[in-house]
Amino acid sequence: MTDAPSTDIRSADKRPADALSADKIPVTVLTGYLGAGKTTLLNRILSEPHGQKYAVIVNEFGEIGIDNDLIVGADEEIFEMNNGCICCTVRGDLIRIIEGLMRRKGKFDAIIVETTGLADPAPVAQTFFVDEEVGRKARLDAVVTVADAKWLKDRLRDAPEAKNQIAFADVILINKTDLVSEPELREVEARIRAINPYARLHRTQRCAVALDEVLHRNAFDLDRILDVEPQFLERSDDHHHDHGDGHHHDHDRGHDHGGLKHYHDEDMQSLSLRTDKALDPDKFFPWIQNLVAQEGKKILRTKGILAFKDDPQRFAFQGVHMMLDGDHQRDWRDTEKRESRIVFIGRELPESMIRKGFEECAA
């Protein structure tokens, strides 16, 4: 994948965020390994009486799009991106389709992109950061991953894409829960949490989930995560993998914390940072841009809410690999603690370097 330059996240539009988001069409990216139930979820979205119109973009793997036949709800406009070798060709396709859609604005309320089961969601998600034209008119609302409760454990072992799909997700449906026992289900959840502690999890059968849990999530908003799991930022960052004696523990055994097995994923890490010192934007922006330029291949997802010195508004940003996008959100409320919080999910993150760099951004 090409290393496109990261966006200058400060040059974003300065109107209040509600005006901004109202102008932009929300885009939900649906992902999940082959057979997990993405099409079932899509059918559910399209056939429920929600009064919304969706444009659906299907990225079918191979020459002939068969998924189209499976999608109900003929009202919805379905566009197909063929031959999804998931790289720049898809991004080009997606940009063309979205630009075409935008010329018919007002005909639909939101866009859903269903990626192929073999896809790494990154290039699709990045489209909304990379292409200015698209970024002005559409915003990435959330990445929703459907996981197969029965097979996910095996897929996490043998399919890096399955792991990426979990790591990228804002919302994860653990589907087909009727096919596994409660202890197996708890283990699947623990493995998912080891890769991505921040996504909202739902247990489902046949993808039955309230639509407002998957659509219009505004995934930018870290507060949503805090509603779900207020402790997530106080995760004990003390399980460093190296115990000073140079030994790594056997991650796959899992650790028992009060009856809940806790897995570490060798391959994926998550890192959360927070500070109640106001940040200096002139330090922070060069630092984060430099960080993603250098380490972007390792950083799958970044999101944060920032409190800048002398700035009455919260600044929210999110990133996918080297791409960053951000904007002022709304005023800080008097009742809120003004603090900055950032989350990184990735592989082999240079943790001490990231922590040190972040601390140096204080005003």
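Suppose the chain between GLU360 and GLU133 were pulled fully straight at 0.36 nm per residue; how much longer would it get relative to their current alpha carbon spacing? Don't jump to the answer; show the numbers that get you there.
On the way: separation 227, 0.36 × 227 = 81.72 nm, distance 3.42 nm.
Here the answer is 78.3 nm.
Across the cross-link table entries LYS283/LYS303; LYS107/LYS303; LYS153/LYS176, which are compared at the Cα atoms, the separations over 22 Å belong to LYS107/LYS303. Approximating the spin labels as points 7 Å out from Cα along Cα→Cβ, the GLU339-to-SER352 distance works out to 2.5 nm.
The equivalent ellipsoid of the range 83-200 has semi-axes of 31, 15, 12 Å, largest first, where each one is the square root of 5 times an eigenvalue of the Cα gyration tensor.
Using a Förster distance of 45 angstrom, determine the FRET efficiency expected from the C-beta separation of ARG104 and ASP310, and round it to 0.05. Provide the component values of the computation, followed by the final result.
Values: r = 43 Å, r/R0 = 0.95.
Using R0 = 45 Å, I get an efficiency of 0.60.
How would you rank 141-150, 128-137, 346-355, highest first, on the average number of other Cβ atoms within 10 Å across their residues?
The peptides rank, most packed first, as 141-150, 128-137, 346-355.
Multiplying the sequence separation of ARG330 and LYS297 by 0.36 nm and subtracting their Cα-Cα distance, what value in nm do you get? Intermediate values should be presented prior to the final figure.
Working: separation 33, 0.36 × 33 = 11.88 nm, distance 3.11 nm.
Between ARG330 and LYS297, full extension yields an extra 8.8 nm.
Rg then Dmax, both in Å and based on the Cα atoms of the range 118-172: 13.3, 41. Multiplying the residue separation of ARG274 and ALA210 by 0.36 nm and subtracting their alpha-carbon distance yields 19.9 nm.
Each value in this text was obtained by applying a stated rule to the coordinates, not by laboratory testing. What you are looking at is a predicted structure, and each value in this text was computed from that prediction instead of being measured. In this analysis, Cβ positions are derived from the backbone assuming ideal geometry, glycine residues included, and neighbour counts consider all displayed protein chains.
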